[in-house]
Structure formats: structure tokens, C-alpha cells
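The values are calculated or read from the model by the stated rules, or taken from the named source; none is laboratory data. These numbers were taken from a predicted model, which means no experiment stands behind them. All Cβ positions, glycine included, derive from the backbone under ideal geometry; neighbour counts span all protein chains shown. The protein model used for the area step is the full one, side chains on, heavy atoms only, and it has no ligands, DNA or RNA in it. Shrake-Rupley method; radii C 1.70, N 1.55, O 1.52, S 1.80 Å.
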Amino acid sequence: MSSVKWFGGLVTLLLVACTNAYTQQTTHQDASPTLTLQVRDYLTLPTTEKLDPTTQQQGEFSRVNFLREEPGPDRDRVFLSNLNGPLYILNKRTKKLTTYLDFNGRDGRPGIFHRLNFATGYQSGLITIQFDPDYQKNGKFYTIHMEDPSVKASAVPDNKDFPGLNVSGYETTAPVHTSGPVERECVLIEWTDTNTSDDVFQGTAREILRVPYLSHIHPLGDIAFNPTAKRGDAEWQVMYLSSGDGGSGETIKPITRNNPQRLDTMVGKILRIIPDTKAHTDSSTLSANGRYRVPNDNPFVHTEGAYPEIWAYGLRNPHRLTWYVDPKTHNPILIANVIGLATWETVDIIHKGANYGYSEREGNERLKANNRTEPLPADDRIPVRIGDEPGSELVQPTYPVLLYPHKEGGGDAISSGFVYEGKIATLRDKFLFGDITTGRIWWADIHEMIAVDDGNPKTMATMHPVQIEYTDAEGQKKIYPNLAPIVSAAYHARGGTAEYMPGYGTPVGKGRVDIRLVMDNAQNIFIISKSDGMIRAVTGVALK
């Protein structure tokens, strides 16, 4: 019997046991699911090294965090970033994985960054990759990774094991200001590949920005470019960055707790910059570190003491960004999936200059000093902060368009999401999103989401649960209320030993599924699950 058939058969047997174990946490829904995603295994990812048995990584067979398809016709290559350090290229025709770069040079490992922080779980390590809108011509792409500045090693990349990387002109940048005792730094780098047809990087790297964080959680999380922008437009090659709060918003001392609200820090924010210092010179200003430009129409450019890079603020962990382009108005709408603290998971429509309330609000409630919530005050305004003390100006918070609780039927950490506009008619105009821990998936109508973005904290779009019809390696089909039984079976088939998938943060169930929903350039949908190290493809949709 082949190893593939053996693995598939073992998964089938284990699914019977896992379904019973995970059904109790998923049966209490507001309504019976009607939309069913048809899913099959697509790729088994390489096993990650087990770095720290006291963290959630003991239950992760792979830490692939992002999937980005390379721009260009007939390239058929997907880039996969692994938090442990490798940046893979996946050939979609052959399903062969190649290590294009490895960021992990820590403690003698054969990678390029000796200060890479990756051993404590969550989003630390190589966090993400994004291609420049003009990648096909300039070969540029961008990465975010986390470093431990206490490590006694150079922050300049080491090209010993990647000689195609020219580091002769590489210079580090000074970290920007974050209030409080910082432990980690996130680094935004621009890479220029001089031969984009190769499977191993050749070219140069340029450090753009270095942001300090209090801890290894809630870092710089995602990179996005306006999909409607064309060459010559004001938005062409303008970058949006999501920056988490580094855990500061849940601390007790005001000097750190107020960081997401403070306009003199870059944490808990959406940032907007122009990486190319030669672009938009007539409508932007060179940054303080000289590595990028700041658009003159950013909302706080003329606010004394504020970072001009800030586009929006008051966010805990906006770890995923996505765009929706209204087909009637052609207006691009930026959407952020924001992981909450102890009560709510949220989806926000991002507006220029808006304050999303954290760390004084969570979801559509007031966040108290003990990190629990209560109803909003009668005067629902928050002081603008630059420095430790609140200012005299008061602003109304902007509230989510979707939220779900840390209760049965909900979850505890919102995953990625996107509006589907591909070939499957049933899914069009639906915002698909999931919960990291429970493996649940929902959809919401994008037009309803836009309609409820009305300033009223009580109006929310409706969430509709999604079922999963999984076809195993033997061709057997079965419907599940979420991905937990499927991932758990594969986790045990690959040698996982815990009764339930290990991991932190399971207030509404047992085990951590650890899913991310992603799409390629043709809007084919894939589901990455770290706990079993699998990528699964959505092959169709049924209404049942």
C-alpha cells in the first residue's frame, strides 16, 4: 500500500473518533447552515521543527502563515511564508516546494537573520510576504519579520547560505518610538529579485521600517496595496500596513495600555506609506529615517507630535487586511480582521483617520481596566492622545460591521477573510471568514456589511455558518460543521499525540485547529491549517 493511501485511510478512521470529540462544541448555532464548502486535501506541508514544548507549537506540524501567488501570466508559482523562517515557492503544476529564502539564522541555523524571533508562537518569525504592484517589471516584494534585539548578533542579513543575496549596501534603520519596555522589533524589508524565474533568491534587500513591540504578540501583521490603483494614479504603489499593539492594550499601566490610542506610537494602527523614495515626490514627504515617503493626504500629517504614517488607529491585532471594490462606484474598501481580547472578535471597515476604540473599547462595548466589557457610556467619546496624558479633543469611536463572542457558537481568534468575486456564482459578494481556534467558517453579505457601517454601534451584519463537505483520499464524502474533526484526524495521522490538538486560547472548545483562509490570483480558495500542516482546496459549493 502506498504511503499516500495509508495516510488517507488512517485519516478516514480517525475522523470517526474526532467527529464525536468536536461535535459538542459546534452544535449550538443560531441557524442551521445552508452553505457548504466542498473541500479536498491539496498539499501536505513539511513538518516544522518543534521549538518549545511549552507553547502552542507543540501542536503545529507546519507554521505556514500566508499564501501569495506570484503576479504574471503563466507563472503558476505560489509563495508560502513559514513563521519558522523558510519562504517557500510552490510550483502549482508539480506541487514541488523549494526554499527560496530562509530567514532563520538563529543559533547557527542556515538562514539569513541571526536575531530572528520565532520560538514563542503566535505570529513571531517570518510573518508575511507581499508583491509590489509593479513586480513583473521591477522584481520587488516586501516581507515582515520579527527580531529579538537582545540577541548579541548583527541585524544585517548573512548571505553565507544564500550567496545570491547581495548585502553590500544593506543598512539597518533606527526603531521608531513605542511607549514602554520593548522586547521585540518588526522589520519591513523591500527585496529586489534580479532574476524572478529562479527558485532561489538573487538580488538585494533594503530595510524600510523597524517598529518595536512590548512582546512577541500582535506584531506588524499584513501588507496591502490598493487593487484599483494604476500607474500614474495617486494610490499607485502606496502601501497599507497593519500593526498590532504588541499586547500593550491589555496591560495595566497607562504608559503602555494607551499605546493603541496614542498617535505618537505606530502600534495598534493601520499605516500608509510609499516604499519608493523616488515616487510621488510632489504629493508626499520623505520619512524621518529617509527610507520611504509619507503621503501628504494622510490624516495626521499636520497633527503636532503624531506619526504622519498613521491612517487609522485604536486596533488590537488587525492581522489580516483585504480589499473589496464596489462594482458600481469602483471605490476600494479596506477591511481588517481584528483579533480581540477576552470578549469579541471583529471585522472593521477601515476609514481615513478613524479611531476604532481599543484599548478603551472592545467590539461594541466599553473595555474596563480589568479587561472585561460593559455597556457603552452615555457620552461615547474618547480623548485624542499624544503622549501619556489625554488631550482636550474628543472623538467618537468607529465600530465593527461584524462581531462574534468568546462563547459557544463563536470562537476566540478571528482568522483571515475576503470577499469572493470568482467563478462560483453562489459565493459572489460573500465575505468568507473563519475562526483560528475552532475551525469554524462563516459568511456575511458584503453589501449588508457596508450598509451597517453607519456609525451606530448596535447595527451589525448577519453571520451565516458554513458547513464543510470533506472528500478524503479514498473518495469518501462527509459533512462536518467545521474543520476541527478533519484537522484533528490528520494531526493524529501525522503522529500527533495529544488527545486534543494542543494550543493556547480555547475558551469555547478543545484544541486549536489554527486555520487561515487564502485565495490565489484566480480566486481559487485554499484553507491552511497549521495544526496538521495541510493545505486544502475548496473545489465547489453546495446549498443544502
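The single condition from (1) crowded, with 20+ Cβ neighbours inside 10 Å; (2) among the hydroxyl-bearing types (Ser, Thr, Tyr); (3) assigned to a loop (DSSP other than H, G, I, E, B) that residue 491 fails is (3).
Candidates in the stretch 171-219 are the residues that are in contact with a Lys or Arg (Cβ under 7 Å, 6 or more places away or on another chain) and over 17 Å from residue 146 (Cα atoms); of these, the one that is surrounded by the most Cβ atoms within 10 Å (Cβ to Cβ) is 179. Considering (1) open to solvent by 10 Å² or more (accessible area, probe 1.4 Å); (2) small (Gly, Ala, Ser); (3) on the phi > 0 side of the Ramachandran plot, the lone condition that residue 139 does not fulfil carries the number (1).
Answer with yes or no whether residue 359 is part of a loop (DSSP other than H, G, I, E, B) and either within 22 Å of the chain's Cα centre (by Cα) or closer than 29 Å to residue 481 by Cβ (or both). Yes, satisfied. If you scan the stretch 161-199, which residues turn out to be in contact with a strand residue (DSSP E or B) (Cβ under 6 Å, 6 or more places away or on another chain) and more than 27 Å from residue 244 (Cα to Cα)? Result: 166, 193, 194, 199.
Residues in the stretch 429-460 that are outside any loop (DSSP other than H, G, I, E, B) and open to solvent by 20 Å² or more (accessible area, probe 1.4 Å): 430, 443, 445, 447, 448, 450, 451. If you go through the stretch 461-471 and keep only what is touching a helix residue (DSSP H, G or I) at 6+ places or on another chain (Cβ under 9 Å) and crowded, with 20+ Cβ neighbours inside 10 Å, you end up with 461, 468, 470.
Taking first residues from the stretch 316-332 that are among the β-branched types (Val, Ile, Thr) and partners that are surrounded by 24 or more Cβ atoms within 10 Å (Cβ to Cβ), the Cβ contacts under 6 Å between residues at least 6 apart in sequence or on separate chains come to 322/335. Number of residues in the stretch 184-204 that are over 24 Å from the mean Cα position of the chain (by Cα), of a type in the set (Ser, Thr, Tyr) and part of a strand (DSSP E or B) equals 1.
Within the stretch 401-428, the set of residues being open to solvent by less than 10 Å² (accessible area, probe 1.4 Å) and over 28 Å from residue 64 (Cα atoms) comprises just one member, 401.
Mind checking whether some residue in the stretch 313-331 is crowded, with 20+ Cβ neighbours inside 10 Å, touching a strand residue (DSSP E or B) at 6+ places or on another chain (Cβ under 6 Å) and over 30 Å from residue 432 (Cα atoms)? Looking for residues that are crowded, with 20+ Cβ neighbours inside 10 Å, touching a strand residue (DSSP E or B) at 6+ places or on another chain (Cβ under 6 Å) and over 30 Å from residue 432 (Cα atoms), one finds none in the stretch 313-331, hence no. The residue list 388, 429 contains one member that is farther than 19 Å from residue 522 by Cβ, touching a residue at least 12 places away in the same chain (Cβ under 8 Å) and either out of contact with any helix residue (DSSP H, G or I) (no Cβ under 6 Å at 6 or more places or on another chain) or of a type in the set (D, E, K, R) (or both), which is 388.
Taking the numbered list (1) more than 29 Å from residue 138 (Cβ to Cβ); (2) part of a loop (DSSP other than H, G, I, E, B) in turn, residue 256 passes all entries but (2). Scan the stretch 81-136 for residues that are of a type in the set (S, T, N, Q) and out of contact with any Pro (no Cβ under 8 Å at 6 or more places or on another chain) and the total you get is 10. The selection criterion, being modelled with pLDDT of 95 or more and within 24 Å of residue 273 (Cβ to Cβ), does not hold for residue 401. Can you tell me which residues in the stretch 225-272 are basic (Lys, Arg), over 20 Å from the mean Cα position of the chain (by Cα) and open to solvent by less than 30 Å² (accessible area, probe 1.4 Å)? Of everything in the stretch 225-272, those that are basic (Lys, Arg), over 20 Å from the mean Cα position of the chain (by Cα) and open to solvent by less than 30 Å² (accessible area, probe 1.4 Å) turn out to be 257, 262.
Taking the criterion of being in contact with an Asp or Glu (Cβ under 9 Å, 6 or more places away or on another chain), in a strand (DSSP E or B) and within 25 Å of residue 178 (Cβ to Cβ), would at least one residue in the stretch 397-406 satisfy it? Taking every residue of the stretch 397-406 in turn, none turns out to be in contact with an Asp or Glu (Cβ under 9 Å, 6 or more places away or on another chain), in a strand (DSSP E or B) and within 25 Å of residue 178 (Cβ to Cβ). Within the stretch 397-436, the residues that satisfy the criterion of being of a type in the set (Ser, Thr, Tyr) and over 29 Å from residue 353 (Cβ atoms) are 420, 426. Annotation: of all residues in the stretch 103-132 being under 22 Å from the mean Cα position of the chain (by Cα) and closer than 19 Å to residue 204 by Cβ, the one that is most open to solvent (accessible area, probe 1.4 Å) is 130. The criterion of at least 1 residues that are farther than 23 Å from residue 445 by Cβ is met by the following strands (runs of 3 or more DSSP E) wholly inside the stretch 290-356: 293-295, 310-313.
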